[in-house]
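A.B. asks: Once you've had a glance at the structure underneath, I'll fire off some questions.
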């Protein structure tokens, strides 16, 4: 038995994992960043215009809505890409 990380496909397997799961790993971070960024933007504008807490709440709502829209668009795009790959794989096997 070979130790883990050795052999001809050791480096390739690591890169494949990142390529497969990379988009999924970044979607959660994008959602969190949009919510936090709009929250603090609203908070800053509240302090500037003395409208506490309305712009902070509006920023929180806009950040959440925008983050979820971006999240769902990414999920749909990844799903379509995976479906295309599956369909092409099935067609290639039929031709062989």
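A.B. asks: I'm trying to understand the selection: among the residues of region 48-65, which are part of a helix (DSSP H, G or I), surrounded by 12 or more Cβ atoms within 10 Å (Cβ to Cβ) and without any contact (Cβ under 8 Å) to a residue 24 or more places away in the chain?
C.D. replies: 54, 55, 56, 57, 58, 59, 61, 65
Each row is one residue, and each column tells you yes or no for (1) part of a helix (DSSP H, G or I); (2) surrounded by 11 or more Cβ atoms within 10 Å (Cβ to Cβ); (3) touching a helix residue (DSSP H, G or I) at 6+ places or on another chain (Cβ under 9 Å).
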site	(1), (2), (3)
25	yes, no, yes
41	yes, yes, yes
44	yes, yes, yes
67	yes, yes, yes
71	yes, yes, yes
89	yes, no, no
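Every number here is computed from the coordinates shown, using simple stated rules; none is lab data. Please read these numbers as outputs of a predicted model, since none were measured by experiment. Here Cβ is always computed from backbone atoms with ideal geometry, including for glycine, and neighbour counts include all displayed protein chains.
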